[in-house]
Amino acid sequence: MAKEKDKAPAFDDIVFEDRNKEYGAYKLRKKYNRNVSIALLIGILIMGTVIITPYINAKASDSRSRRAERQVEIKMEKLDQPNEQVAPPPPPPPPPTDVVQQQKYVPPVVVDSIKPEDVKQLMTADQAQTEVKNTEVVEVQQQVKEEVQEAEAEPEPFVVVEEMPLFPGGEKALLDYIAANTQYPEIAKENNIQGKVIVRFCVTPKGGVSQVSVLKGVDPELDKEAIRVVNTLPTFKPGKQGGKPVPVWYMVPIAFTLK
């Protein structure tokens, strides 16, 4: 058998020979190499993070700068609406039936000679006043009839109806359309003007957009742009009251935000 070689004791064992090895210094010296390796690894990770982080931030900043300089944020809010349904307007009054009929004009017959008994008596002052009054009554009745017809042609828009108007695709599609077609005015962008514009418009019985106005404005340029976009909206599904299409007021808030 080969002789077993005597193994030389470690330096720490020589230093702490005949000493209390449970003392903290012995344990620290035994773990010195491992602690140095761990510290070196941590230092490398920290240095790598310090070097790589600015590079990542520079790339992210460059990516953000390539995006659009402005963003238009469109938010649909539930505006205050009356809880009670608005009753339909009363039917128009029936046209007057007691219209005075004007006498038909009969052209005179020209004769060579006139007999005394054929001469009609001249109209008195009372008769002339009565005929003038009858003519005025006819004109007033015709004017009232025209006003009633105009009122029937343009009824007052409803605020709340049984079936509210609906944009093709729903409210999300309405927001997407407004966001895609809104152009932030350059003057407002240069002066950092932001805010929310509330626009009211009427959805007609045929689904069109009319009577566009600003209920709450921010700046003339932003208000003008909001009105322009609303005027370009496509046809809605009209609102209905009692199963019939009716004009209905519709409100939409448009928030102009610079980021």
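The values are calculated or read from the model by the stated rules, or taken from the named source; none is laboratory data. Predicted model only: the values in this text are computed from it and were never measured. Cβ placement follows ideal geometry from the backbone for every residue including glycine, while neighbour counts extend to all protein chains displayed.
Test residue 206 against the criterion of being on the phi < 0 side of the Ramachandran plot, part of a loop (DSSP other than H, G, I, E, B) and among the charged types (D, E, K, R), and give yes or no.
Details: on the phi < 0 side of the Ramachandran plot: yes; part of a loop (DSSP other than H, G, I, E, B): yes; among the charged types (D, E, K, R): yes.
Here the answer is yes, as residue 206 does meet what is asked.
Restricting attention to the range 144-174, which residues are small (Gly, Ala, Ser) and modelled with pLDDT of 80 or more? Even if it seems obvious, please write down each step before you answer.
Taking the range 144-174 first, the residues small (Gly, Ala, Ser) are 151, 153, 169-170, 173.
Those that are small (Gly, Ala, Ser) and modelled with pLDDT of 80 or more: 169, 170, 173.
Residues in the range 225-243 that are surrounded by 15 or more Cβ atoms within 10 Å (Cβ to Cβ) and charged (D, E, K, R): how many? Give the derivation first.
If we filter the range 225-243 for residues that are surrounded by 15 or more Cβ atoms within 10 Å (Cβ to Cβ), which is where we start, we get 225-227, 229-230, 233, 236, 238-241.
After this cut, where a residue has to be charged (D, E, K, R) as well, the list is 225, 240.
Here the count works out to 2.
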(request) Would you check if residue 188 is farther than 25 Å from residue 89 by Cα, assigned to a helix (DSSP H, G or I) and free of Cβ contacts under 8 Å to residues at least 24 places away in the same chain? (result) no
(message) If I ask for residues that are among the charged types (D, E, K, R) and exposed (fewer than 13 other Cβ atoms within 10 Å of the Cβ), which ones from the range 200-216 would you list?
(response) 206
(message) Can you find, within the range 178-197, the residue that is nearest to the chain's Cα centre (by Cα) among those that are surrounded by fewer than 19 Cβ atoms within 10 Å (Cβ to Cβ) and among the aliphatic types (A, V, I, L, M)?
(response) 179
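Regarding the range 169-180, can at least one residue be identified that is part of a helix (DSSP H, G or I) and among the acidic types (Asp, Glu)? I'd like the intermediate steps shown before the answer.
As a first pass, look at the range 169-180 and keep what is part of a helix (DSSP H, G or I): 171-180.
The next check asks that each one be among the acidic types (Asp, Glu); those that pass are 171, 176.
Within the range 169-180 (the criterion being part of a helix (DSSP H, G or I) and among the acidic types (Asp, Glu)), the answer is yes, since at least one residue qualifies.
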